[in-house]
Amino acid sequence: MTGNTEHHNETLDSDDNQPGKHRLDKSMKRRRVLIGGTAVAAAGGLAVAGFASADTISGETAASAEAEASTSASATSGVCTLNAEVTEGPYSLDGALVREDIREDKEGFEVQYTFTVVDQANDCAPLADALVEIWHCDALGEYSGFVGGNGHQEEDNGTFLRGGRMTDANGQCSITSIWPGHYVSRAVHVHMRVHTEVTLTDDSYTGGDIIHTGQLFFDPDINEEIQATSPYSTNTTKETALADDSIYDDGGAASGLLTLTALGSSVSDGYKATLTVGVDSA
């Protein structure tokens, strides 16, 4: 893995905390994540509206309903809301490992991510064969490749809590990791990039184009409980609340807020985290 030399010497205090450096210029159009009914239609291949119930349609009525559904789907086709596009921050590295589980030996509460990528440039259809890459800090707020930036000393192999998966024919991929810790100046978050046209190697990739760079965020109430629980509670650096984060703009899923489903009765049992990510491959 080769570090991003442009950002390698930046400190934690600078990570995404300077809007001039870590937000897109305000004159640029912000992308938004596909949400709501359009997401369901695009991901599942279903008509958006116009269907009558199965027990009330037959003959001409069925044909009419099908025509209305087709018209409605055509009218809404291509209207996607795209994910908020933000900087990758100073802790990105090139050449992520392509793997389903990125935890390695890191302690923390399991998070099972499922992403559905849809493409505005193709009428919001699922985007197959895209590499979805994520990376984030460990329970002590340390990034692999940059350990020590949050004041903790630990082994740094440059790969923990980094990796990606290729999307399938439905535009979906799953990645298993842990709930991130926190560090100075930022709310708890995960970084994401979506690549197209990559060439897979034995365990990584080469080439391709990055068509989306964003960040993912977590429910603040759940996060508060997690950060107060071991091993997260051993991280005594100051935490920034989601409402005070310099990147998250209170846009819900449109700004990367994950939908969470508990895997058990305790936060330590972990969560499923889902998001439909709208991109523009054009």
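The values are calculated or read from the model by the stated rules, or taken from the named source; none is laboratory data. As the structure is a prediction and not an experimental result, all values here were calculated from the model. As a convention, Cβ positions derive from the backbone with ideal geometry for all residues, glycine included, and neighbour counts pool all protein chains shown. For accessibility, only protein heavy atoms count, side chains too; no ligands or nucleic acids. Shrake-Rupley method; radii C 1.70, N 1.55, O 1.52, S 1.80 Å.
One table, with the values for the structure above:
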quantity: Residues (surrounded by 14 or more Cβ atoms within 10 Å (Cβ to Cβ), hydroxyl-bearing (Ser, Thr, Tyr) and in a helix (DSSP H, G or I)) located in the stretch 232-262; calculated: Tyr232, Ser255
quantity: Test: residue in the stretch 137-145 that is crowded, with 23+ Cβ neighbours inside 10 Å, without any contact (Cβ under 8 Å) to a residue 60 or more places away in the chain and either outside any loop (DSSP other than H, G, I, E, B) or of a type in the set (A, V, I, L, M, F, W, C) (or both); calculated: yes
quantity: Only one of Thr196, Thr201, Thr237, Thr261 that is modelled with pLDDT under 95 and over 17 Å from Ala84 (Cα atoms); calculated: Thr237
quantity: Count of the stretch 243-272 residues which are more than 16 Å from the chain's Cα centre (by Cα) and not charged (D, E, K, R); calculated: 10
quantity: Residue in the stretch 210-220 that is under 24 Å from Leu140 (Cα atoms), open to solvent by less than 30 Å² (accessible area, probe 1.4 Å) and either modelled with pLDDT under 95 or assigned to a helix (DSSP H, G or I) (or both) present; calculated: no
quantity: Looking only at the stretch 167-189, and only at residues there that are open to solvent by less than 50 Å² (accessible area, probe 1.4 Å), in a strand (DSSP E or B) and not hydroxyl-bearing (Ser, Thr, Tyr), the one that is farthest from Gly149 (Cα to Cα); calculated: Cys173
quantity: Checklist (1) open to solvent by less than 20 Å² (accessible area, probe 1.4 Å); (2) within 20 Å of Glu85 (Cβ to Cβ); (3) in contact with a Ser or Thr (Cβ under 8 Å, 6 or more places away or on another chain) applied to Glu133, failing item; calculated: (3)
quantity: Residue that is nearest to Asp168 (Cα to Cα) [pool: residues in the stretch 98-129 that are more than 14 Å from the chain's Cα centre (by Cα), not in a loop (DSSP other than H, G, I, E, B) and not small (Gly, Ala, Ser)]; calculated: Pro126
